[in-house]
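Peer 1: Questions regarding the structure given below will be posed in turn.
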Amino acid sequence: MAETDKFARAVQTVYRGLGRLSRERARGADVTPQQAETLQLIAERGALSTSALAVLLGIDSSTASRNLSGLERAGFITRKKGTDDGRQTDVRLTPRGKRAAEQAQTKATTAYSALVEKLPRADRAKVLEALDVLAKALET
């Protein structure tokens, strides 16, 4: 039980810290943290449907749709009938959305680089390996 408690405390601390970094990343692009994550996902993966975005973000489709409506009104994305399935709507970045995604990514890279620099050099490979293991566990 002590191992589980230690893990839970560590994950909660990391979660809060990454949340702070996420909020900083979003401020650079004048969007909410969830919107910044949405823009980055679209930038990384290309056109996505609302339902695919909802799954990737871990939110329900109606929340994703509201999130996308705000991004569309602000000129960050466009929504068009899907190329594969006419019932689906593909979400794409506008030039403004691409710039915002790039800004958010730059801020994230800078923040994560500063975080890596805080880790003792001897521990960096172990931390990266542990994060890879954790990321794989979270993907399933």
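Peer 1: Can you spot a residue in the range 7-21 that is surrounded by 17 or more Cβ atoms within 10 Å (Cβ to Cβ), among the small types (Gly, Ala, Ser) and out of contact with any Asp or Glu (no Cβ under 9 Å at 6 or more places or on another chain)?
Peer 2: No - not one qualifying residue is present in the range 7-21.
Peer 1: I would also like to ask the following. Could you check how many residues of the range 31-62 are out of contact with any helix residue (DSSP H, G or I) (no Cβ under 7 Å at 6 or more places or on another chain) and within 25 Å of GLY17 (Cβ to Cβ)?
Peer 2: Within the range 31-62, residues that are out of contact with any helix residue (DSSP H, G or I) (no Cβ under 7 Å at 6 or more places or on another chain) and within 25 Å of GLY17 (Cβ to Cβ) number 3.
Peer 1: Among the residues of the range 75-95 satisfying the criterion of being surrounded by fewer than 14 Cβ atoms within 10 Å (Cβ to Cβ) and at pLDDT 90 or above, which is nearest to ALA47 (Cα to Cα)?
Peer 2: So the residue we want is PRO95.
Peer 1: Any idea which of GLU117, GLU72 is of a type in the set (D, E, K, R), surrounded by 15 or more Cβ atoms within 10 Å (Cβ to Cβ) and at pLDDT 90 or above?
Peer 2: Within the list GLU117, GLU72, the selection yields GLU72.
Peer 1: Taking the range 90-140, which residues are touching a residue at least 40 places away in the same chain (Cβ under 8 Å) and of a type in the set (Ser, Thr, Tyr)?
Peer 2: Those that are touching a residue at least 40 places away in the same chain (Cβ under 8 Å) and of a type in the set (Ser, Thr, Tyr): THR106, TYR112.
The values are calculated or read from the model by the stated rules, or taken from the named source; none is laboratory data. For clarity, every value in this text was computed on a predicted model and none was experimentally measured. With ideal geometry, Cβ positions are generated from the backbone for all residues, glycine too; neighbour counts draw on all protein chains shown.
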